[in-house]
Amino acid sequence: MPQDAFTIRYLTRELAGELTGAKITKINQPFPDEILLYLFCKQKTRKLIISANPNLCRMHFTEESFPNPAQALSFQMTLRKHLSNGTVEEVSQDPFERVVRFRISTKNELSDYEVHPLVCELTGRTANLLLLREDDTVVAALHTTSLEAERRILPNLPYPPLAQDKLNPDD
């Protein structure tokens, strides 16, 4: 079933109700385009799979177990560094876009609180998963682009939101 902004709106509401206040206990990357988050919420551990596969981008809870690669990928290691033991403060959707944002607060090496948005673009061919700083600069992305691309997604550059000249259905 294709996911449009309206479907993702209901998915976001369901995730927000379930995951607000959840603690990230483990982060795996079983496949190159998928991240598996283990979240402790409401006295049980839930597994949230986020796929940025161009053919099947999706986000859902799963009970299935996936094999973990012998060597961790760099994106997984970056997520572990910045999000391990973090708390999901908020799950939101960009207005009428296929973009879901997780606002995650963590402590850094100096025990200072940091907030990292985890942005899931469920846009089909251009699907991506990005870790941002609080000022919306990119820390890491599952799929990066080149400097010549119209929409540059590279570390330490500002996050370019999906710019589309569309009317808001609420207006």
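The values are calculated or read from the model by the stated rules, or taken from the named source; none is laboratory data. Since this is a predicted model, take the numbers as computed values, not measurements. Methodologically, a virtual Cβ is constructed for each residue, glycine included, from the backbone with ideal geometry; neighbour enumeration extends over all protein chains shown. Each accessible area value is taken on the protein alone, full model and side chains, heavy atoms only, with ligands, DNA and RNA left out. Shrake-Rupley method; radii C 1.70, N 1.55, O 1.52, S 1.80 Å.
In terms of distances greater than 31 angstrom between alpha carbons, the cross-link table entries 26/166; 47/107; 42/107 yield 26/166.
Compute the whole-percent fraction of alpha carbon pairs in region 1-71 spaced more than 14 Å apart. So the portion of pairs separated by more than 14 Å is 63 percent. Over the chain, dividing the summed -39,500 (n - 2.57) contributions of all DSSP H runs of at least 4 residues by the number of residues returns a 222 nm mean residue ellipticity of -4500 deg cm²/dmol.
Probing with 1.4 Å while keeping every protein chain in the model, the per residue accessible area of the chain equals 57 Å².
If you look at the Cα atoms of region 43-115, you get an Rg and a Dmax of 14.5, 41 Å.
All C-alpha pair distances within region 1-41, sorted into 10 Å bins from zero, spread as 25, 36, 38, 1 percent across the bins.
Seen from a random direction on average, the alpha-carbon convex hull of the chain projects onto 11.0 square nanometres. Applying 1/(1 + (r/R0)^6) with R0 = 41 Å to the Cβ-Cβ distance of residue 60 and residue 136 gives a FRET efficiency near 0.95.
Please report the carbon-and-sulfur percent of the accessible area for the chain; probe 1.4 Å, protein heavy atoms only, DNA, RNA and ligands left out. Carbon with sulfur: 50 percent of the solvent-accessible area. Taking GluC sites (Glu not before Pro) across region 1-101, the ones in a DSSP loop with at most 11 further Cβ atoms lying within 10 angstrom of their Cβ are 63, 64.
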